Amino acid sequence: MIGSANGTPISITGLGSYVPERVVTNAELATLVDTTDEWIMERTGIRERRIADDDEAMTDVALPACRQALERAGVDPATIDLLIVATVTPDMTFPSTAALLADTLGMPDAAAYDLSAGCTGFMYALAQAYGMLSGGLAKRALVVGGDVLSKILDWSDRSTVVLFGDGAGAVVLERVDEGGFLGFELGADGGGGVHLWLPGSGSRHFDEPENFVKMNGREVFKFATRILVQSAEALMERCGLTIDDVDVYIPHQANVRIIEHAAAKLGIDPERVVINVDRYGNTSSGSIPLALVDAQRDGRLVPGKLVLMTGMGAGLTWGSSLIEWTEEMAA
Ligand SMILES: CC(C)(COP(=O)(O)OP(=O)(O)OC[C@H]1O[C@@H](n2cnc3c(N)ncnc32)[C@H](O)[C@@H]1OP(=O)(O)O)[C@@H](O)C(=O)NCCC(=O)NCCS
């Protein structure tokens, strides 16, 4: 799906994020699996990640991010009429994480549901919320992206545990006079799904004794480097703009090598790229909203700036979103 956003202007009016307290360094991982800080730094650029406690679930990680986004937008939770949570690690299959959060936050009028599109979930959720607000179905949305992937990793598998971390981000979406979202490009290739999957987790029963993430890292690497470039280029063209127009580039935070490769191919110089994978690892659906909050803290989100975000992940899925920033947000 590709489209320029021609409806009522909709923008991000508040941002929030949260990561668990516990920092796990590469050195600590090296005590669990056969790996080294040098290998992880060289292949991924990840220095440390945050890992949730045993009793911390998705709603616990998402709640502080939601509260911060609502407060920064100056929005009363009761006025939110749409809450979408992009996650592959809900507290449970049902009730949805969104329904639980809406109850805790006090949103009696909100349609609330979870959305599953792997690490691309936040991009899918933004596009859905844009469509509902712009079409007049809802007035004010809270969109959350986050995961606690540590709960579904095989902690004896060195090829996956070094990559991922836990965290969540949230944004408030509202109508604005002008600017805001300019377009979206979203896609999925179920044929490549087996390269990053959680077999045995649903109604199809495999001969899987355990329910852990499995990944073919080399195939995902090839997919990621290709799709980050393709998706961004297609969206920029659809919006009648070029990569030179992009002020802030926020790619999915999976691996520094993937990000640098995509930025170089696209022709985006490093100063325009937001990177935080070194501190958080790959937080799945949390990655792009966490990076948005980092960009805001660095004073990079200024009205009039063009922000390009591209996610990719399990599915295999991908998605890009382009927004002309509208809100004055203090660093
Ligand atoms: C996983 C990834 C970092 C591996 O890097 P790579 O350069 O492709 O490394 P390879 O898979 O070729 O493995 C090289 C060697 O390192 C070993 N290795 C794998 N993980 C290791 C680890 N944590 N520590 C030390 N050695 C490791 C492999 O077993 C392999 O050994 P071999 O040559 O004896 O078989 C890289 O493929 C990647 O980032 N892929 C994308 C993953 C991703 O982003 N997933 C989420 C998408 S949302």
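Below are the figures for this structure:
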quantity	calculated
Candidate set: region 170-196, residues that are touching a strand residue (DSSP E or B) at 6+ places or on another chain (Cβ under 6 Å) and within 16 Å of the ligand (Cβ to nearest atom); chosen: the one most open to solvent (accessible area, probe 1.4 Å)	Ala188
Long-range neighbours under 7 Å by Cβ, at least six apart or interchain, first residue under 14 Å from Ser116 (Cβ atoms) within region 189-206, second part of a loop (DSSP other than H, G, I, E, B) and open to solvent by 70 Å² or more (accessible area, probe 1.4 Å)	Leu198/Asn211; Ser201/Asn211
Qualifying position, being farther than 26 Å from Tyr280 by Cβ, surrounded by fewer than 19 Cβ atoms within 10 Å (Cβ to Cβ) and touching a residue at least 60 places away in the same chain (Cβ under 8 Å), among Lys151, Lys139	Lys139
Residue pairs meeting the criteria (Cβ under 6 Å; at least 6 apart or on separate chains; first within 18 Å of Asp54 (Cβ to Cβ) and of a type in the set (D, E, K, R), in region 19-31; second away from the ligand (no atom under 14 Å from the Cβ) and at pLDDT 95 or above)	Arg22/Ile51
Residues of region 30-85 satisfying the condition of being open to solvent by less than 30 Å² (accessible area, probe 1.4 Å) and within 22 Å of Asp278 (Cβ to Cβ)	Val33, Thr35, Ile40, Thr44, Gly45, Ile46, Arg49, Ile51, Ala52, Val61, Ala65
Unmet criterion (only one of (1) under 25 Å from Gly319 (Cα atoms); (2) away from the ligand (no atom under 16 Å from the Cβ); (3) of a type outside the set (Lys, Arg)) for Pro95	(1)
Residue within region 4-22 that is touching a helix residue (DSSP H, G or I) at 6+ places or on another chain (Cβ under 8 Å) and farther than 27 Å from Leu301 by Cα present	no
So Leu316, is it more than 14 Å from the ligand (Cβ to nearest atom) and either modelled with pLDDT of 95 or more or closer than 23 Å to Val213 by Cα (or both)	no
The lone exception for Arg50 - which of (1) under 30 Å from Thr326 (Cα atoms); (2) within 17 Å of the chain's Cα centre (by Cα) it fails	(1)
Output for region 274-299, where each listed residue is in a loop (DSSP other than H, G, I, E, B) and either among the aliphatic types (A, V, I, L, M) or within 16 Å of the ligand (Cβ to nearest atom) (or both)	Val274, Ile275, Asn276, Gly281, Thr283
Val274 being in contact with a Leu (Cβ under 7 Å, 6 or more places away or on another chain) and either buried (at least 24 other Cβ atoms within 10 Å of the Cβ) or in contact (Cβ under 8 Å) with a residue 24 or more places away in the chain (or both)	no
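Here's the yes/no breakdown for (1) within 14 Å of the ligand (Cβ to nearest atom); (2) under 21 Å from Gly315 (Cβ atoms):
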residue	(1), (2)
Ser203	no, yes
Val213	yes, yes
Phe221	yes, yes
Leu235	no, yes
Asp244	no, no
Ile250	no, yes
Ala254	yes, yes
His261	yes, yes
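The values are calculated or read from the model by the stated rules, or taken from the named source; none is laboratory data. If you're wondering where the values come from, they're calculated on a predicted model, not measured in any experiment. Positions of Cβ are generated from backbone atoms using ideal geometry, with glycine treated the same way; all protein chains shown enter the neighbour counts. Accessible surface areas use protein heavy atoms only, side chains included; no ligands, DNA or RNA. Shrake-Rupley method; radii C 1.70, N 1.55, O 1.52, S 1.80 Å.
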